[in-house]
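A.B. asks: Just dropping this structure here.
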């Protein structure tokens, strides 16, 4: 489907390679991430991701101990469209709707990230002019 994407990332944090004295640190670690983004609709994207950490606690990690997890993420686009009677009333209506969404998400246990808020724009259709704006939100869950 158009809009589907995949990705793979590998990284390594900065770590000590030599300590004062004869001790050698064992804190080098790698982080791996793989993900695939499914474009379910124009306004909803699901992105499951798999993470792997080779030494999550650095030198404090017990031997042969690594950590892996799966974190599905969903992206939503909320589109607000209000009839354009007067510009000030429309902007207040869009602002009120976005604030309501923020407040409901903040009051929940959902971990979310607002990825973008568009500037209001005029949408002209046969029925008249509308003021429209959209809000994009990512919701992350975690399974380990």
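The values are calculated or read from the model by the stated rules, or taken from the named source; none is laboratory data. In this text, all values refer to a predicted model and were calculated from it rather than measured experimentally. Positions of Cβ are backbone-derived with ideal geometry, glycine not excepted, and every protein chain shown enters the neighbour counts.
A.B. asks: Which ones in segment 70-100 are modelled with pLDDT under 70 and assigned to a strand (DSSP E or B)?
C.D. replies: Of everything in segment 70-100, just one residue is modelled with pLDDT under 70 and assigned to a strand (DSSP E or B), namely 70.
A.B. asks: Kindly check whether there is at least one residue in segment 23-38 that is at pLDDT 75 or above and under 30 Å from residue 129 (Cα atoms).
C.D. replies: Within segment 23-38 (the criterion being at pLDDT 75 or above and under 30 Å from residue 129 (Cα atoms)), the answer is no, since none of the residues qualifies.
A.B. asks: So, of the residues in segment 8-18 that are surrounded by 11 or more Cβ atoms within 10 Å (Cβ to Cβ) and modelled with pLDDT under 90, which turns out to be nearest to residue 71 (Cα to Cα)?
C.D. replies: Looking at residues that are surrounded by 11 or more Cβ atoms within 10 Å (Cβ to Cβ) and modelled with pLDDT under 90, I get 13.
A.B. asks: Now a separate question. What number goes with the only condition from (1) under 20 Å from residue 131 (Cα atoms); (2) at pLDDT 80 or above; (3) exposed (fewer than 12 other Cβ atoms within 10 Å of the Cβ) that residue 5 does not pass?
C.D. replies: (1)
A.B. asks: For segment 101-113, which residues satisfy the criterion of being in contact (Cβ under 8 Å) with a residue 12 or more places away in the chain and assigned to a helix (DSSP H, G or I)?
C.D. replies: Hits for segment 101-113 are 101, 102, 105.
A.B. asks: Which of the residues spanning segment 114-129 are surrounded by 12 or more Cβ atoms within 10 Å (Cβ to Cβ) and assigned to a strand (DSSP E or B)?
C.D. replies: 114, 115, 117, 123, 129
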